[in-house]
Amino acid sequence: MRKGPRKVIDKEIIDIVRLINKLTPYKTLGSCCGHGKYPETIIIECPVTKKRYEVFSGIEIPRKKRFYVRDNEGEYYIPEVINQQV
């Protein structure tokens with residue numbers, strides 16, 4: 001029996017997430033394809049420093065959980081990544 005919450009990975013980025021999990025020592029903590037509104041994002045944790053980063057932008061994410069925020073239309077995004085694009 002599986003413990004903890006079920007992890008759903010968007011089909012558009014599932015191959016990238018699987019490669020990270022298989023070929024690197026980094027742990028993936030969250031991901032989203034952006035659903036055509038926001039950029040694709042994958043959160044990883046460095047096994048040595050325990051710092052968390054978004055893969056595509058390289059931005060360090062200071063939180064240990066709740067990486068994503070929901071907009072008024074119900075889509076999720078990472079504020080640090082969106083703020084960097086502005």
Review point. Out of curiosity, is residue 18 out of contact with any helix residue (DSSP H, G or I) (no Cβ under 6 Å at 6 or more places or on another chain), farther than 21 Å from residue 77 by Cβ, part of a helix (DSSP H, G or I) and modelled with pLDDT under 95?
Key: yes
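Based on what the data block shows, is residue 28 β-branched (Val, Ile, Thr) and part of a loop (DSSP other than H, G, I, E, B)? Can you show your working first?
On the way: β-branched (Val, Ile, Thr): yes; part of a loop (DSSP other than H, G, I, E, B): no.
No: the conditions fail for residue 28.
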Exercise for review: For residues that are loosely packed, with under 15 Cβ neighbours inside 10 Å and within 16 Å of residue 34 (Cβ to Cβ), scanning just the stretch 61-71, find the one that is nearest to the chain's Cα centre (by Cα).
Suggested key: 69
**Study point:** Filter result (in contact (Cβ under 8 Å) with a residue 12 or more places away in the chain, surrounded by 12 or more Cβ atoms within 10 Å (Cβ to Cβ) and within 13 Å of residue 27 (Cβ to Cβ)) within the stretch 44-60
**Key:** 44, 45, 46, 52, 55
Review point. Where residues in the stretch 31-43 are in contact (Cβ under 8 Å) with a residue 24 or more places away in the chain and assigned to a loop (DSSP other than H, G, I, E, B), which of them is surrounded by the fewest Cβ atoms within 10 Å (Cβ to Cβ)?
Key: 37
**Study point:** So residue 83, is it more than 11 Å from the chain's Cα centre (by Cα), part of a helix (DSSP H, G or I) and either surrounded by fewer than 16 Cβ atoms within 10 Å (Cβ to Cβ) or without any contact (Cβ under 8 Å) to a residue 12 or more places away in the chain (or both)
**Key:** yes
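The values are calculated or read from the model by the stated rules, or taken from the named source; none is laboratory data. Just so we're clear, the structure is a prediction, and the values are computed from it rather than from any experiment. Please note: Cβ atoms are built from the backbone with ideal geometry, for glycine as well, and neighbour counts cover all protein chains shown.
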